[in-house]
Amino acid sequence: MKKKLLLLVSLTLVLTGILSACGKSGSGTSDQTFRMNLTTEPPSLDVAQAQDQVSFTVLSGLFEGLVRMDAKGEIAPGVAEKWDVSDDGKKYTFHLRDNAKWSNGDPVTAQDFEYSWKRTLDPKLNPPAPYAYQLYYVKNGQNYNIATDNPDHVSDPSQVGVKALDDKTLEVDLENPTPYFLNIAAFFTAYPVKKDAKFGEAEGYISNGPFKLKSWKHGDSIELVPNENYWDKDSIKLKDVKFLMVKDPNTEFSMYKTGQLDWSGLPTGSIPPAQLDKLRQENNKELSIKGIASTYFYNFNNTKKPFDNAKVREALSMAINRQDIVDKVTKAGQTPAYGFVSTGIHGVNGEYRSEVKDDYFKEDVAKAKELLAEGLKEEGMTKMPEFSLSFNEGPHKTIAEAIANMWKENLGIDVKLELQEWKVFLKNRQSLNYDVARAGWGADYNDPMTFIDLYTSKSGNNDIGFKNPEYDALVKEAYSTADQQKRVDAMAKAEQILIGDNMAVMPIYYYSSNQLVKPYVKNYVVDYSGNLDYTRISIEK
Amino acid sequence: MVRYLGGKLINIVFSLLILATATFFLMKAVPGDPFTQEKAIPPEIKANIMAHYGLDKPIGEQYLIYMKKLVQFDLGLSMKSQDRTVTSIISQSFGTSAKIGAFAIVISVIIGVYLGMMAALRHRKLVDNTAMFLAVIGISVPNFVIGSMIQYFLSVKLQIFHVAGLESPIDYVLPTIALSTLPIAFIARLTRSTMLEVLTSDYIRTAKAKGLTPRAILWQHGLRNGILPVVTYLGPMTANIITGSVVVEQIFGLPGLGAYFVDSVMNRDYTLIMGITIFYAVILMAARFITDVLYIFVDPRIKLSGGVVKS
């Protein structure tokens, strides 16, 4: 018996030794490898089908548009080495560089861009492209894309305002002067597509960016390696980019700690809230916190009593303490929001939010009580009826509880909290089947318009029932001119109507992006909206 | 016997049909669709996409179209991962789940039966008490607790294993342990209780009286009878384990079927929901069918004649 025991113990020891040796050798990194978590499988790596952060993160390494964003967030030459803009701002002519090549060695031509954009806009694409509207700036783009119930439908693709004049010259005609069009041209919907490329697997996948797709193990990992045909390959230091798909934030955190990941947190991962709080308190050097261009707010159902009354909406908005919410509830470095357009968005010369202050209202409990009484009187009510505040899973419950508490304490209002499953929640919100609902919006491009045109009467994302002809006119005015000062003035006036005069939604905070980055990861760029440019990263151990 | 098994097969096909129908209509009754999202797609584009997938047709017609394809074994394309067929998603992720599941089953049966027999042989002694104490822990502590614990101690603290992923064979160890604790405990208890019963029965006494060696008594006469409930349990357990555990897959970041099942429902990925539900049902029914067949061989008392089942 003793002998057996001894044997067992020694066997265990030997095995543990072998295992730990294996484990150690496996977790060491080879030089110039960058590993981050995507959390989920990208739904599609087809330029025309992609529409989410995960797909975008992978695509941004694989492709390059006519222009790209440099480390400072400025437009830099991409496949196009230079471009001309007509005086009215409606015609762009891009001159493509000669040495831009696909991962299979073929040159990238103007025809590849024309093909890609028209493919995305094609109403008969299989399946139709969900993000096609990103190309509606192009002349006839919308009328070509929308075929049913559209009297202005253009069935002839040659009428669409994108044309290859020759292999290296691309001419783009726009519907309106669009000062941020180069931003759109850098966006993934505007990447070129090679005609015979396949998108479902690594095999047959052709791209033109700094990296090419080495492997795609569905649901498990994606690996990128440098594209030796990339024109700026000397700037690319990484030899291997590895994306993992780990769903559990705690697992992601452990993997970061043990060196299986070099990056954790946004844009495509997350840091467990409890850990984030701890990291912030100990002032961890690997943690970086940055404001990003997204706003967290509550929708009021502007069509439902008593929320159709501006005074009631204002009262609710003035009766909460936003600083307390970001300091004591969300605790991730967010900033209180008193406007709708978030921080980090370009204005005329600098940032919009410093040129147009978000001082549309002040938190004031006494004033809120007055407004509420007045508003209810106008509505013919004596007391605020009990209403529901709906939200989806995630961190939203604690925020809702805090706000409901503030309303209860400051205004004596009873709120019913309603947690709804994601798609049910969206469905209810989009069909105006709610009283007050949690919402969030992130910038698609770096211009206040990405927020402002949300609430025009006809916007598909207007899920608050807000209709204001003056507002619509201001948005139209901003659309019609290329003069940035005039545009910003019009959009600031629109924001004044939306928040200052009507409080159509209740701003709560501007988002922040948190990530853990190993100290040896250099030259990464997190842009204004929280996207990560990993293409120029170098590992310096 | 052919009639007996044939009857069971017809039963399976019929059950599958009912299951597919019920799932189809329940799934459509849930609010939302695959293309609802925070940043709404313009209604015209969405209408275009819905038409592409035939989701604009009346629900009865959608059902008939789906069933017609199903009969031809065509599960269609996923609506979330547009470039992939449901069949390829299932076959790839099932591969991972089945591999880890198979390890877990083999280990559970070997360790579980061994522990159970030892406990029965040393009834009310230290070995028995220890084994049964461990079994109680194994049954009552959920696998996500065990998974997180071994991950924390063995991977984060001691750094013996990787935290997650399946890069090398060694990475299979932790998920296998997490998956097998419950079945080990369950099998150990099952084996122990039946063995206790078996060991006091008449034919064991007869065998002893015949002068057979204790080893022969235990393995030939004891175990064969003692293992019957384990075989019964093995059917549904196999189906359960090889189709993937959502929680264990999540903790160890494994690309298994369980995660896809939950995601498909969250995403309202209709074709994938149907595909995985039907696949899961097929596995479960196949496992039970095989159990029935195995029974005929293991249990000599089950005799089938003239289509009448006597058990």
Practice task
Kindly check whether there is at least one residue in segment A:234-242 that is within 14 Å of another protein chain (Cβ to nearest Cβ), under 23 Å from the mean Cα position of the chain (by Cα), closer than 26 Å to A:G530 by Cβ and of a type in the set (V, I, T).
Solution key: no
Practice task
Scan segment B:3-23 and give yes if some residue there is within 32 Å of the chain's Cα centre (by Cα) and at the interface with another protein chain (Cβ under 8 Å from one of its Cβ atoms), otherwise no.
Solution key: no
Practice task
Assess whether B:N143 counts as being within 28 Å of B:D128 (Cα to Cα) and either out of contact with any strand residue (DSSP E or B) (no Cβ under 7 Å at 6 or more places or on another chain) or at pLDDT below 85 (or both).
Solution key: yes
Handout entry: Neighbours by Cβ (under 6 Å, 6+ apart or cross-chain): first from segment B:114-125, closer than 18 Å to B:R224 by Cβ; second modelled with pLDDT under 85
Key = B:M118/B:V127
Problem - Exclusive hit being open to solvent by 20 Å² or more (accessible area, probe 1.4 Å), of a type outside the set (F, W, Y) and either within 14 Å of chain B (Cβ to nearest Cβ) or in contact with a strand residue (DSSP E or B) (Cβ under 6 Å, 6 or more places away or on another chain) (or both), set A:K195, A:K163 - result: A:K163
Exercise for the section: Would you be able to say whether some residue in segment A:349-359 is open to solvent by less than 10 Å² (accessible area, probe 1.4 Å) and away from chain B (no Cβ under 14 Å)? Expected result: yes
Practice task
Select from segment A:269-288 the residues that are closer than 15 Å to A:L532 by Cβ and more than 14 Å from every other protein chain (Cβ to nearest Cβ) and write down the one among them that is surrounded by the fewest Cβ atoms within 10 Å (Cβ to Cβ).
Solution key: A:S288
Handout entry: Exclusive hit being modelled with pLDDT of 85 or more and assigned to a loop (DSSP other than H, G, I, E, B), set B:L196, B:L254
Key = B:L254
Handout entry: Tally of residues being surrounded by 14 or more Cβ atoms within 10 Å (Cβ to Cβ), part of a helix (DSSP H, G or I) and over 24 Å from the mean Cα position of the chain (by Cα) across segment B:138-179
Key = 4
Handout entry: Filtered residues of segment A:421-449 (kept if over 26 Å from A:T189 (Cα atoms), of a type outside the set (S, T, Y) and either more than 14 Å from every other protein chain (Cβ to nearest Cβ) or open to solvent by less than 20 Å² (accessible area, probe 1.4 Å) (or both))
Key = A:F425, A:R429, A:D435, A:V436, A:A437, A:R438
Problem - Positions within segment B:56-72 being under 27 Å from A:D122 (Cβ atoms) and free of Cβ contacts under 8 Å to residues at least 24 places away in the same chain, in sequence order - result: B:D56, B:K57, B:E61, B:I65, B:K69
Completion exercise
The lone condition B:L212 fails out of (1) of a type outside the set (V, I, T); (2) surrounded by fewer than 24 Cβ atoms within 10 Å (Cβ to Cβ); (3) part of a helix (DSSP H, G or I); (4) more than 23 Å from the chain's Cα centre (by Cα) is (3)
Problem - Criterion: in contact with a strand residue (DSSP E or B) (Cβ under 8 Å, 6 or more places away or on another chain), assigned to a loop (DSSP other than H, G, I, E, B), of a type outside the set (K, R) and open to solvent by 20 Å² or more (accessible area, probe 1.4 Å) - qualifying residue of A:D98, A:D84, A:D88 - result: A:D98
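The values are calculated or read from the model by the stated rules, or taken from the named source; none is laboratory data. All of these numbers come straight from a predicted model, not from anything done at the bench. Positions of Cβ are generated from backbone atoms using ideal geometry, with glycine treated the same way; all protein chains shown enter the neighbour counts. Quick note on the areas: whole protein, heavy atoms, side chains included, nothing else; ligands and nucleic acids left out. Shrake-Rupley method; radii C 1.70, N 1.55, O 1.52, S 1.80 Å.
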